[in-house]
1. Can you give the extra length, in nm with one decimal, that the chain gains between Glu296 and Glu148 once fully stretched, where that is 0.36 nm per residue apart less the Cα-Cα distance?
2. For the range 332-383 and the range 144-205, what is the separation of their C-alpha centers, rounded to whole Å?
3. So what's the net charge close to Gly384: Lys and Arg +1, Asp and Glu -1, counting the other residues with Cβ under 11 Å from its Cβ?
4. Sticking with the crude label model, points 7 Å out along Cα→Cβ, report the distance from Gln575 to Cys505 in nm, one decimal please.
5. Starting from 0 in steps of 10 Å, tell me what percent of the Cα-Cα pairs of the range 278-413 lands in each bin.
6. Residues of the range 150-193 with backbone nitrogen within less than 19 Å of a virtual label 7 Å along the Cα-to-Cβ line of Glu235, please, listed as ranges.
7. Set the Förster radius R0 to 60 Å, insert the Cβ-Cβ distance between Asp625 and Asp72 as r into 1/(1 + (r/R0)^6), and round the FRET efficiency to 0.05.
8. Working out 0.36 nm times the residue gap between Glu466 and Glu116, then minus their Cα-Cα distance, what length gain in nm do you get to one decimal?
Amino acid sequence: MRPLSALLLAWAAVACSDARLDRPPADGAPPDGAMDATPADSAPADLGPDAMARDSGTADAGPDADVRPCEDRDGDGTSGGCAGALDCDDGDPAVHPGAAERCNQFDDDCDGRVDEAWPGLGLPCAVGVGACGTASVRVCRADGVGAECPASAGAPGDELCNDLDDDCDGAADEDLPGCCPQAGLARGCSEAVGRCRAGVQTCGADLAWADCDGVRPADEICNGEDDDCDGVVDEGVAASACGGCEPPPAEACNGADDDCDGRIDEGVTNVCGRCGLVPAEVCNGQDDDCDGAADEGVTNPCGGCGPVGTETCDATDEDCDGQADEGLRNRCGECGPERVEACNGLDDDCDGAVDEDLPGLGVPCAAGAGRCRAEGVTVCGADGLRCDARPGPGAAETCDQADEDCDGRVDEGVCPPCAGVEVCNREDDDCDGATDEGVANACGGCGPVQERCDGADNDCDGQVDEGVEQACGGCEPPPPERCNGEDDDCDGRVDEAFPILGQPCRNGVGRCAIESVMRCLSEDRAGCAPAPQPPAAELCNGLDDDCDGRADEGLLNACGACGPQPAERCDGLDQDCDGAVDEAFDLQRDVRHCGACDAACPYAAADRCRDGVCACGEQAACAADAFCVDRGLSTARCIPLNTLLTPMERP
C-alpha cells in the first residue's frame with residue numbers, strides 16, 4: 001500500500017491549547033476581570049485542586065484581592081464572577097455546572113475538562129484506501145454534537161504493477177497476476193511440508209513473477225503423501241477400506257476379511273457357508289450338500305443308507321425292488337431248492353419234462369429168479385423205477401441147484417438141509433431157503449453203498465443227496481463272494497470279502513476333494529465314490545484350485561502373499577521382500593532422503609545431498625535469510641534474500 005500523506009500537525013496545537021478558554025460575551029466585549037491573552041496564557045490552564053480552589057474562592061485572598069459580590073448575571077441559576085463562584089462563564093447561560101457538554105473546544109459543564117465526551121479529538125484519521133487515502137485529525141462538527149475527520153478521499157487511478165492499491169479497491173495489483181515490482185528481485189516461495197519443497201521466484205524483465213521452482217501444493221490424492229502440504233496425509237480423499245489407497249482386494253474364501261468390510265468370506269462361500277465346492281451328498285442322515293434335504297439321491301431303494309436287505313424267500317420284498325422272493329423260488333414257485341424229479345410219470349421239478357434225467361432209468365435189469373428170470377430195462381412206475389422184464393412161468397422145484405419154481409430159492413424143500421454160513425452171493429449158503437438174508441445192503445445188493453451228490457438216492461435210505469449238497473444247494477461248489485450286496489457264497493454274510501465297505505473316505509485333494517464312504521465299484525472291487533470334482537485353474541486365494549496338493553503355487557509374490565509385489569519405501573523396512581532394506585534410495589545423494597528417510601533438503605537452501613548432508617554447491621546449506629542460486633552448477637552458492645540476480649545467475 002502507498003503510505004498515507006503526511007499527517008497534519010494541527011492536532012499537536014490542539015493538544016497544547018488551553019483546556020479552559022474564556023468565552024467572550026455575545027457583544028464581543030471581554031468579560032469583567034478578563035485579561036488579554038499572552039503567549040504564556042496559551043499554555044494549558046492549571047485545573048488542579050489549587051486552581052479549582054482559587055476559582056471557587058476558597059484560597060486565601062491577599063490584601064489586594066479583587067473581591068466581588070456573587071451574582072447570576074446570565075440567569076442560568078448559577079452565580080459567577082466572584083470568589084467561590086461555580087459558574088465558569090456567567091456571561092453565557094448555556095455554560096454552568098450540569099450543562100450538557102458540546103464539542104466546541106469549551107468546558108460547557110464547568111468540570112474542568114474540555115470536550116471530554118469525544119476522546120478521539122485531535123487524533124490522526126484518514127479517508128479512503130490505497131492511493132486514494134487522505135490523512136487528517138479528528139475535529140468537532142459544526143453543530144457541536146459530534147466529531148468528524150475533515151479529510152476527503154482522492155480520486156482512484158489505473159491499477160499498476162507496483163505492489164500498491166492504485167484503483168483504491170482495497171487490493172494491490174489485482175487483475176495483474178504474477179506481476180512484481182522490480183526485475184531481478186527474488187523471493188522465497190512454497191515450504192518444505194509434505195511433498196512441497198521450498199523454492200525461489202524471480203521477478204522477470206516483464207515485471208512478472210516466474211514460476212516457483214520449488215514444489216507447490218497440489219490437490220490431495222490418496223497416495224500416502226501430503227500432496228497439499230498441510231501436514232496431513234490423504235485427508236478428505238477416499239482411502240480403501242483396508243487403509244491403503246489401492247482398491248481393496250476381492251474377497252476370497254479363506255477365513256479372512258480380505259476386502260476389509262468387517263465380514264469374512266461374504267459372497268464367496270458355497271451354499272453350506274464353507275469354502276470349496278459343495279460336498280457331495282452321502283447317505284448319513286444329514287444334509288451334506290446343504291440343499292435342505294438329507295440323503296437325497298443316495299439312499300437305497302428301501303430309503304435307508306448302505307446296501308439293501310438281502311432278499312429271502314418269505315413272501316416279503318426285503319430289497320425293495322417291488323418284487324418279493326425274486327430269484328429265490330424254485331421252478332414250481334415254492335421256497336426252497338428245486339424239486340427233484342421222481343420216477344413217477346409226473347413233472348416233479350416243473351421243467352416241462354416228465355421223469356427226465358433220472359439216474360438208473362433205462363438201465364438193464366432182470367425180473368424173476370431161477371429159470372423164470374427175464375432181462376429188461378428200468379422204467380418208471382407208480383412207485384418209482386421198475387424193471388420192465390417179465391419173468392417166465394415156473395416149474396416144480398427139484399434138487400438140482402436150480403430154481404425151477406422161480407421163487408428165488410434153489411432146491412427149497414427138495415434137498416436135505418446144509419450147515420453153511422450165509423454170505424452175500426445171491427446163494428442160500430445156509431440152506432435155509434433164503435438168499436443173502438441179513439448180509440445184503442439196503443439196496444439189496446452186496447457190499448457197502450455211499451450217497452453221492454448226483455440227484456439220486458444212492459444209499460437207498462429214501463433221501464436224495466443228503467449230507468453231500470453244497471452250502472447253496474446242489475452239487476456244484478458255492479460261487480465266490482462278490483461285491484454286490486448279496487450273499488453269493490451262502491454263508492449268511494453279505495460282501496464279507498470287502499471289509500472296507502461303508503468306511504468314510506475322501507476322494508481327491510484340494511477343492512476337488514469329495515467326502516464319501518467306501519462303496520462297491522464293481523463285483524470284484526470296492527473303493528471311494530463318487531469321483532473327485534474336476535480341477536480348475538489355480539487362483540491366488542489360499543486354496544488348492546488345481547488339486548495338485550499345493551495352494552497358490554507360482555502365484556505368490558516375493559513376500560508370499562497374493563497380488564503385486566509391494567514397492568520399496570524409504571522407512572527402514574524391506575517392503576518388497578528381496579532381503580534388502582531401502583535399496584532403492586541413496587541416503588548419501590538423494591535430496592529427498594538426505595542422510596535419513598524423508599529428510600528432504602530445503603529447496604531454497606540446498607541443491608544437492610553430499611555424503612548424507614544437504615549442501616549448496618560446495619558450501620553448506622544456506623541459512624534461513626539466504627537462498628541457493630546456480631543450482632546444479634559448480635558455481636552454486638548462497639546469496640541473501642531480496643538480492644537482485646545478475647543475468648548470469650539463476651535461482
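Where a number appears in this text, it was derived from the coordinates with a stated rule and is not lab data. Predicted, not measured: the structure shown is a model, and the values here were computed from it. Cβ atoms come from the backbone with ideal geometry, glycine included; neighbour counts cover every protein chain shown.
1. Net length gain for the segment: 42.9 nm.
2. Centre-to-centre (Cα) distance: 143 Å.
3. Computed value for this residue: -2.
4. 5.3 nm
5. Taking all Cα pairs of the range 278-413, the binned fractions are 11, 18, 15, 14, 11, 10, 8, 6, 4, 3, 0 percent.
6. 190-193
7. With a Förster radius of 60 Å, E is 0.20.
8. So the extension gain works out to 110.6 nm.
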